[in-house]
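Chemist: Have a look at the structure that comes next, please.
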Amino acid sequence: MNDTHMTQPIKLLAICGSTRQSSSNHHLIKAITELGAGKFTVQLLDSLTAIPHFNPDLDMDAGSAPEAVQHFRAQLAAADAVLICTPEYAIGVPGTLKNAIDWTVSSMHFSQKPVALITAGTSGHKAHQSLLGTLLIIESKIAEDAQLVISSVRTKVNGEGVITDADTETQVRKLIDTLAAVVREKETTLLPAPSLF
């Protein structure tokens, strides 16, 4: 990484796993945007619901993927890092989010990409472990302190995008600093890929 890139704000693509416009995870992304001001310039992915059902038959040749998929991949390629904030649905990963990630497996757009993952909902632990495993197996660069579960999120982040719980704010600030360290290639311990067996 060159010196100029080391001093420029990090281009962060934020992906919300909730399709609700006024979800707690959207509020959380707003909070992180403000807490990370100066470190990150944040672009919110706006096309998650436009991405069609994953079908490898539509992606056989270069440039043949649906337009919404190509747009998503281009945003990933342009980003220095990715932030995923997602709820847990029925102890699983929201289908729209998993579908989008499936479109990147063959194109390897998450490979060696610094990623921070937050699962924020009523509980979140089951979905978090599932999605964390997916991201690691497709070679995302995730540090231990760049992944976080925020249970009972509605009691910790308000509708104005302010984190109201002190412990949660401390954890989120650590996540921001850790993700920046991964991007800047500072010494950071990364999580290993899960075993397939």
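The values are calculated or read from the model by the stated rules, or taken from the named source; none is laboratory data. The shown structure was predicted, so the numbers you read here are calculated from the model rather than taken from an experiment. All Cβ positions, glycine included, derive from the backbone under ideal geometry; neighbour counts span all protein chains shown. Surface accessibility is based on the protein's heavy atoms, side chains included, excluding ligands, DNA and RNA. Shrake-Rupley method; radii C 1.70, N 1.55, O 1.52, S 1.80 Å.
Residue by residue, here is whether (1) modelled with pLDDT of 95 or more; (2) among the β-branched types (Val, Ile, Thr); (3) in contact with a helix residue (DSSP H, G or I) (Cβ under 7 Å, 6 or more places away or on another chain); (4) closer than 25 Å to Lys30 by Cβ holds:
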site	(1), (2), (3), (4)
Lys98	yes, no, no, yes
Trp103	yes, no, yes, no
Ser152	yes, no, no, yes
Val182	yes, yes, yes, yes
Thr189	no, yes, yes, no
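Chemist: Between residues in segment 147-176 that are of a type in the set (D, E, K, R) and residues that are open to solvent by 90 Å² or more (accessible area, probe 1.4 Å), which pairs lie under 9 Å by C-beta distance while being six or more apart or on different chains?
Modeler: Pairs that qualify, where the first residue is of a type in the set (D, E, K, R) and the partner is open to solvent by 90 Å² or more (accessible area, probe 1.4 Å), are Arg154/Thr122; Lys156/Asp167; Glu160/Lys30; Asp165/Thr155.
Chemist: Identify the residue in segment 163-197 that is part of a loop (DSSP other than H, G, I, E, B) and touching a Leu at 6+ places or on another chain (Cβ under 9 Å) and, among all such residues, is surrounded by the most Cβ atoms within 10 Å (Cβ to Cβ).
Modeler: Going through the qualifying residues, I end up with Leu191.
Chemist: With the requirement that a residue be of a type in the set (Asp, Glu) and under 24 Å from Ile29 (Cβ atoms), what does segment 55-95 give you? So that I can check it myself, show each step before the final result.
Modeler: We begin by selecting, within segment 55-95, every residue of a type in the set (Asp, Glu); these are 57, 59, 61, 67, 80, 88.
The answer is Asp80, Glu88.
Chemist: Could I ask something else about it? For residues that are at pLDDT below 95 and open to solvent by 40 Å² or more (accessible area, probe 1.4 Å), tally how many sit in segment 108-124. First the steps, then the outcome.
Modeler: At the first step, the residues of segment 108-124 found to be at pLDDT below 95 are 121-124.
Remaining after also requiring open to solvent by 40 Å² or more (accessible area, probe 1.4 Å): 122-123.
Residues meeting the conditions: 2.
Chemist: Also, I was wondering about something else. Looking at (1) surrounded by fewer than 23 Cβ atoms within 10 Å (Cβ to Cβ); (2) in contact with a Gly (Cβ under 9 Å, 6 or more places away or on another chain); (3) farther than 30 Å from Asp59 by Cβ, find the lone condition where Tyr89 falls short.
Modeler: (3)
Yes/no matrix, rows are residues, columns are (1) closer than 18 Å to Ala74 by Cα; (2) open to solvent by 60 Å² or more (accessible area, probe 1.4 Å):
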{"position": "Ser22", "(1), (2)": "no, yes"}
{"position": "His27", "(1), (2)": "no, no"}
{"position": "Lys30", "(1), (2)": "no, yes"}
{"position": "Leu45", "(1), (2)": "yes, no"}
{"position": "Ile51", "(1), (2)": "yes, no"}
{"position": "Asp59", "(1), (2)": "yes, no"}
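Chemist: Here is a further query. Pick from Glu160, Glu139: which is assigned to a loop (DSSP other than H, G, I, E, B), touching a Ser or Thr at 6+ places or on another chain (Cβ under 9 Å) and open to solvent by 50 Å² or more (accessible area, probe 1.4 Å)? Quick ask: steps written out before the conclusion?
Modeler: Working: Glu160 fails: touching a Ser or Thr at 6+ places or on another chain (Cβ under 9 Å).
None of the others qualify; the one that does is Glu139.
Chemist: Okay, next question. Quick one: Leu97 ticks every box in (1) in a helix (DSSP H, G or I); (2) open to solvent by less than 50 Å² (accessible area, probe 1.4 Å); (3) without any contact (Cβ under 8 Å) to a residue 60 or more places away in the chain except a single one, so which number is it?
Modeler: Single failed check for Leu97: (3).
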